[in-house]
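Have a look at this one before I ask anything.
None of the figures in this text is laboratory data; all of them are computed from the coordinates on show. Since the model is a prediction, treat every value here as computed from it, not as a measurement. Positions of Cβ are backbone-derived with ideal geometry, glycine not excepted, and every protein chain shown enters the neighbour counts.
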Amino acid sequence: MDARHSTSLSPRRHALALALLTSSVLAGALEAQSRPGGAGGGWHAPTNSWGHPDLQGNWTNATLTPLTRSPGVGPTLTVEEVDRIESGQAQLVEDRAAPTDPNRALPPGGDNPVCIDSGTTCYNEVYRDPGERVAVVNGEARSSLVTFPADGRVPTFTPQAQGLIAEMRVRSRQFSEYDHPELRPLAERCIVSFGSSAGPPMLPNYWYNNNYTIVQNADHVMIMAEMVHDVRIIRLGEPRPLPADVRPWFGDSWGRWEGNTLVVETTNINPEHAFRGVPFSQSGKVIERFTRADSETILYEFTIDDPEVYTSAWGGEIPFRALHDLVYEYSCHEGNYALEGVLRGARFQESSESVEPARGN
């Protein structure tokens, strides 16, 4: 979690004040972001000691803009819609982060509409950080992060992918992901983060810890995602691809500079690291573009090209905003003692079931 979570709730109250700006002020802010070089104009991307555009620092892609667009919704939001979304989230934070009455009754069941998630039943908002603002790109307040296809929605699966999904459902009826240790979720086992925080593509998880640290040298770019402290190492230069059957976590990423933009192409993505529940195929690849838009923003663009899974390529744009806070270690179970406890509990349960009750004399 970033430094804001170790102090007080004052940033939350600050978010409420920001979200309640008048429509005219919001319109001015959007217009300023649309000018070349950012709000100040005349801005030039800094370079590092190797002459490459400098992407280093801490960044966040937290946003209230959803990945996909609802049917019939246009690609951009009006100033009034932005105000409604942002002020609504700020009020939600204010309400749910209020101190809890220790004498209150038990919280409602997980299917209650006021609850955030059914697993924890009304998770206190103070532990979440889904974002405070909608995504603004080129002065446009976006209604979805996906920008192509034009409807802002993920294309349909191919017949081949639909068959794979059907097989996965059949297998899940025999063994669920919690039935034995080999199937337990990767995020629970602290192997990689849930969702796609580290990517590729690097998408917000809409829950918390949407922060990143980027470090560069002459021939590498390192991106550490806060979630599970996942680390991607992107090599620069002429690609030397891995064999097709070698598929590491986060895939095989190679980057190159096209002007001020870092272009990263990733192949060989591990099938166990499924994206939105569906594994990448061996021919699938992700193309990412990182461009410093202004002193406070990296424009992140992604394209998913996997003809065995999707009926067409698709992708979108996400602003990564500068995070003027520290990013602390995400320990993830601090050694994953929870899984050891699960296994010990299962062995105890099995031993208890195997003991026959004593018979009376």
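Give the residue list of trypsin sites (Lys or Arg not before Pro) in the range 215-305 that are DSSP loop and have at most 14 other beta-carbon atoms within 10 angstrom.
Answer in residue order: Arg276.
Please give the contour-minus-distance gain from His44 to Asp95: 0.36 nm per residue of separation, less the Cα-Cα distance, rounded to one decimal in nm.
14.2 nm
Obtain the nm distance between the two label points defined at Tyr127 and Thr68 by a simple spin-label model: each point lies 7 Å from its Cα along the Cα-to-C-beta direction.
2.9 nm
How far apart, in nm, are the 7 Å Cα→Cβ label points at Arg104 and Ala338?
Between Arg104 and Ala338, the label points sit 2.3 nm apart.
Arranged by the count of other C-beta atoms within 10 angstrom, fewest first, what order do Met202, Met168, Met224 take?
In increasing order of surrounding Cβ atoms, one gets Met168, Met224, Met202.
Among Thr261, Trp314, Leu343, pick out the residue whose Cα is farthest towards the positive end of the charge dipole of the range 230-361, where Lys and Arg carry +1 and Asp and Glu carry -1 on C-beta, about the Cα centre.
The listed residue farthest towards the positive side: Leu343.
Using θ = phi - 60° and the Karplus curve 6.51 cos²θ - 1.76 cosθ + 1.60, what whole-Hz ³J(HN,Hα) does each residue of the range 174-182 get, with Gly and Pro shown as x?
7, 9, 7, 5, 10, 7, 7, x, 5
Arrange Phe250, Phe348 by Cβ neighbour counts within 10 Å, fewest through most, would you?
Phe348, Phe250
Which distance in nm do the two modelled labels at Arg235 and Glu350 give, with both placed 7 Å along the Cα-to-Cβ direction?
A separation of 4.2 nm, rounded to one decimal place.
Enter the per residue convex hull volume of the range 185-250, computed from alpha-carbon coordinates, in Å³ rounded to the nearest integer. Numbers along the way, then the final one.
On the way: hull volume 6.1 nm³, N = 66.
In the range 185-250, the Cα hull volume divided by residue count equals 92 Å³.
While we're here: Please give the Cα centre distance for the range 44-65 versus the range 302-322, rounded to the nearest Å.
20 Å
Where q = 0.22 Å⁻¹, what log10 of I(q)/I(0) comes from the Debye formula for the range 300-351, counting one point per Cα?
Debye output, listed in q order: -0.85.
In nm, what is the difference between 0.36 nm times the number of residues separating Ala166 and His324 and their Cα-Cα distance?
Here the segment from Ala166 to His324 would lengthen by 52.4 nm.
Around Ala187, which amide H atoms from residues at least 5 apart in sequence, or from another chain, sit under 5 Å from its own amide H, with H modelled in the peptide plane?
Under 5 Å from the amide H of Ala187: Val192.
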